[in-house]
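No value in this document is a laboratory result; all are computed from the given coordinates. What you see is a predicted model, and the numbers here were worked out from it, not measured in a lab. Backbone-built Cβ (ideal geometry, glycine too); neighbour counts: all protein chains shown.
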Amino acid sequence: MVGSVTKNQLIDLLSFPNQLIEEQLNDLTDDCPHELRFASEDKKCLACDLEDECRWLSDNDDFSPLKLRSIPELVDALETAITYVRGDVIAWGHDSGCVCQVCEWLGKAQQVYDAIDLDYIQTGHGESTLKH
């Protein structure tokens, strides 16, 4: 089913966790000198508790050239987003029947992720197989 998932679907799916993570980080820190964009040259960023989230935002924000990224990179970003959002859903105590925006995104993202033949992509065949 690799061919049923488009690169644009992956990119579209990444916009919601981007907003969610950015909102959560804004609530946690008001004094970030890089406006929640990871700066690898800054030792404070490397020691920050929010390094992973900021790094993900920097790699997957609206200004990143996501259309130029490879399918495996987009799939990896989606996998990370699903894991992050699932952690929130569990922490918030949402059940499997929840229809909030976060749980709906998680269900849709998981369906798309499950439709991707990861073995095929990891062997390097997925780049030309997924529709662009």
May I ask you to compute the full-extension gain from ALA47 to SER15, defined as 0.36 nm times their residue separation minus their alpha-carbon distance, rounded to one decimal in nm? 8.9 nm
Under a crude label model (7 Å from the Cα following the beta-carbon direction), how far is LYS67 from ARG37 in nanometres? 2.0 nm
Rounded Å value of the spacing that divides the Cα centres of region 9-34 and region 87-111: 17 Å
